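This report concerns only the one structure given below.
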């Protein structure tokens, strides 16, 4: 009886829903899915018809921006699937991408503007209306601008498609103190490659036959398409060698893994050069025609033999020599992978210079399986002329602390020191958008110290991150599925450049607003409205004016791929360097009194009983931005201290014990995970735990904060944070 | 001809990123603490070469779970998929311990049993299962065994794949794994709840 009833209902529902689905299909003119035809999904609900739509967007769970298709039922996102048409992401979404739905619907979302009421970081907030919040922010910015000049406000925007509007606002407002997240990440790598090749290439992993990865972990620190291409490559004929103090999942998949002594990568790279030059197995044509300073390099690397390197980095000399030969034999479809995050050592630019130079000896530039020239599809803009503020200081606040800092990125380390010291001039306001230096910048206490020097701090975010938690005013941002974003260009390496964008998948929830809306409203209140006299739609039209074909393609496929030559783009062209060649020897460095070729400096000995703390990634975690995600917490709910069992035994620590980890800058309590997947002198923990923000209700109370422990050394050339220079002691609690 | 779905898994492609776990969890609203699919490592901690083996309900042709169900709530359905009629299921849990692959769980709120059905609703809509589609390295390949030209049949022809079964009970699973990888001998012997062993004949649905 009961059963028959059900059947009746479901037949009626079937008719109703299929009719509505058909209607949707005709409007969208695309393939709509008749889920009602099956026994699952919407058919379980009580006779309510589902309006199912599929919408293109781009993931925002990390920086990669993989293509996705959102399944939206009655205005609610039910599932995110990969968009197979976006060649950069190779038709995949990772665990974080799949958990994006939880980010959007997290009960911990910031819902309306909040004003700090208690002490900083105490967590007492008052709800404001948007008008109240924006009036207050504008008043503070006006006042601080008047007292401390417009440069008295430091702006920091993370990796986001709307960060450009925050930058635009900062410029219009009159501050040139704009920093990005990248000095906590990769600027030293970019510095080194730029200073060697004149630009930052992208590695053609897919077509490579031999890859050495020093310190990169592509199967956990996912980069599209490199991570996917790496698997395709090694399943064909590519050999993978991983050099890492940790047995990462990349090491687990590699043909060879060497647990290098931390901080000695340059010794390994110099020895590779030594063998290649000594045995004349480098690419003689390329070196002769396209490089500058080979004679100096030959002289320079004479002393860096594999036998010497073995003593430094603890990789057998014979293995180094063999790797050099194998690399050279596979060249030009071979590489020493440039990596991504290089915020590791005080000479991280020079380490990556060594990396860049080994690749130059292989002659893999502009070649399949080597380095590919990054291409951009040039987009239009709505230009503007910011006002000139006469009382502004002469230069950025983080200036003169590293000789070759990128002005476009700044240096978080230096800016923070400058704020604390009030030198060269005072900074009294901090404006952050979607960035969380409380978790990603080494030495959390110093970040707190900086924030305590401020008169006003404003954070725009979708969650109460630790950084937002410290702010005076917190403004709720729309998440990636709720907003329209500008067009952006990407490159799937061998598949060439493409254009992508975001259109809203659902309406913004609560009172959340896009960054553009927020800065436009602020600008209006500061009499700067003329610089934001456009809607996002108009901005996008200006961007895409010269590419009408792209608009069509993006509507149809969610992406526009431009056919273009990928290899051989430099044929007959000079390199964009001083010598117009690849700079093995850098005259610019010599002129700046920097080592013109990388000189190895032995890291300090790790005293017994101490450990070197290294930073790394898990495939389920994007630092602090995903650790509160309940779906992902089922994979990693807290971080653990990786400790070798032999080292643990000496300390009387058993697996799962709570331990106190101490460095010169901080202490944290964490559970120990005894594993042979790490060197005896090294320890590791994931980033993004040990949060201070009680607004992150899922992760609060879990694990330890690595930023609290990391010393804030810096790469002396680029100002990149150097996070692997920290020694810690560990004891059982 | 009726379709007969199978998945071929190239174990060596899996990087243990767990995209498939979260994709499945979202698609099928699997409750916190439970999973319809998994990734098994062949060694933890001190291995110098690790394999990760993904898996889920094997949609067996002679399913011991079906034999164990006292009310016929689970049966071989369309596409060769083992389905559960959750209206009929009494939640006794016989099928949970009967599965050699431990692919079933009792839903904590609904008190019925749940498991992977290769995303039958997606298949019906012409889509691949969530785990298959989202995988970065496309470790799982889904196809129709009744179509001689299907990708799975092309792969199986190469004779590089095997089924993994318990030596006592071959339930004739429809997931195939790369030969010469580890983790080919883990399926357990089916039991009834409480660890009660039955004669192999008890688990047979076919004579």
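Every number in this text was worked out from the coordinates using simple rules, so none of it is lab data. In this text the structure is predicted, and so the values were computed from the model without any measurement. Note: ideal-geometry Cβ built from the backbone for every residue, glycine included; neighbour counts use all protein chains shown.
Key figures for this structure:
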read-out: Averaged over A:613-623, number of beta-carbon atoms from partner chains that fall within 10 Å; value: 1
read-out: Theoretical FRET efficiency, 1/(1+(r/R0)^6), r = Cβ-Cβ of residue A:580 and residue A:445, R0 45 Å, to 0.05; value: 0.45
read-out: Nearest-0.05 FRET efficiency for residue B:159 and residue A:280, computed from C-beta distance (R0 41 Å); value: 0.35
read-out: Percent of Cα pairs exceeding the 17 Å cut-off, where the set is region B:119-207; value: 64
read-out: Calculated FRET value between residue A:111 and residue A:556, using beta carbons and R₀ = 51 Å, to 0.05; value: 0.90
read-out: Extension gain, residue A:126 back to residue A:637 (0.36 nm per residue minus Cα-Cα distance, nm); value: 180.9 nm
read-out: Cα-based convex hull volume of region A:96-244 per residue, rounded to whole Å³; value: 193
read-out: Distance-filtered residues of region A:252-284 - backbone nitrogen under 20 Å, label point 7 angstrom along residue A:298 Cα→Cβ; value: A:270-284
read-out: Span from the region B:173-192 Cα centroid across to the region A:207-252 one, whole angstrom; value: 28
read-out: Theoretical gain in end-to-end length, residue A:307 to residue A:142 [0.36 nm per residue, Cα-Cα removed]; value: 53.1 nm
read-out: Burial order of peptide ranges A:239-245, A:450-456 (average beta-carbon count within 10 Å, highest first); value: A:239-245, A:450-456
read-out: Region A:187-238 - Debye-derived log10 I(q)/I(0), Cα point model, q = 0.20, 0.21 Å⁻¹; value: -0.78, -0.83
read-out: Paramagnetic reach from residue A:288 (point 7 Å along Cα→Cβ, amide N under 19 Å) across region A:354-375; value: A:360-365
read-out: Rg to Rh, two decimals, where region A:610-732 supplies the alpha carbon set and Rh follows Kirkwood; value: 0.97
read-out: Relative packing of A:381-389, A:157-165, B:186-194, A:618-626, which averages over residues the other C-beta atoms within 10 Å, highest first; value: A:618-626, A:157-165, B:186-194, A:381-389
read-out: Segment residue B:179-residue B:34, length gained on full extension (0.36 nm per residue, minus Cα span); value: 49.3 nm
read-out: Rounded Å value of the spacing that divides the Cα centres of region B:32-101 and region A:297-343; value: 48
read-out: Region A:367-434, relative contact order in percent, only Cα pairs under 8 angstrom and at least six apart counted; value: 22
read-out: Using alpha-carbon coordinates, inclination of helix A:2-28 to the longest axis of chain A, degrees; value: 70
read-out: Estimated distance in nm for a label pair at residue B:201 and residue B:61, the labels positioned 7 Å out from Cα along Cα-to-Cβ; value: 2.3
read-out: Spatial separation of Cα centroids for region A:161-195 and region A:467-513, in angstrom; value: 17
read-out: Inter-label distance for residue A:235 and residue A:74, nm, one decimal - labels placed 7 Å from Cα along Cα-to-Cβ; value: 4.0
read-out: Peptide A:213-220, shielding by other chains (average Cβ, 10 Å cutoff); value: 1
read-out: Rg over Rh [alpha-carbon atoms, Kirkwood Rh] for region B:1-100; value: 1.02
read-out: In nm, spacing of pseudo-spin labels at residue A:731 and residue A:407 (7 Å Cα→C-beta vector); value: 5.1
read-out: Compactness index (Cα Rg / 2.2 N^0.38 Å), region A:118-169; value: 1.39
read-out: Between 0 and 90°, nearest 10: helix A:412-421 axis offset from chain A longest Cα axis; value: 90
read-out: log₁₀ of I(q)/I(0) at q = 0.18 Å⁻¹ - region B:5-192, Debye sum with one point per alpha carbon; value: -1.32
read-out: Three-way shape call for region A:209-280 based on the alpha-carbon gyration tensor, with the a/c threshold at 1.5; value: oblate
read-out: Partner chain coverage, peptide A:465-478 - average Cβ within 10 angstrom; value: 0
read-out: Share of pairwise Cα separations in region A:426-477, more than 16 Å, in percent; value: 33
read-out: Within region A:501-515: backbone nitrogen closer than 16 Å to the residue A:537 label point (7 Å, Cα to C-beta); value: A:502-505, A:507-508
read-out: Value of relative contact order over chain A, rounded to a whole percent, pairs C-alpha under 8 Å and six or more apart; value: 18
read-out: Cα gyration tensor of the protein assembly as shown - equivalent ellipsoid semi-axes, whole Å, descending; value: 46, 36, 28
read-out: At 1.306 mPa s and 10 °C, Stokes diffusion of region A:372-487 via Kirkwood alpha-carbon radius, µm² per second; value: 95
read-out: Acute angle (nearest 10 degrees) that the helix A:163-173 long axis makes with the longest principal axis of chain A, alpha-carbon atoms; value: 90
read-out: Length-normalised contact order of region B:5-192 in % [C-alpha pairs under 8 Å, at least 6 apart]; value: 30
read-out: Of B:26, B:96, B:152, the one that fluctuates the most in a GNM where chain B has Cα springs shorter than 10 Å; value: B:26
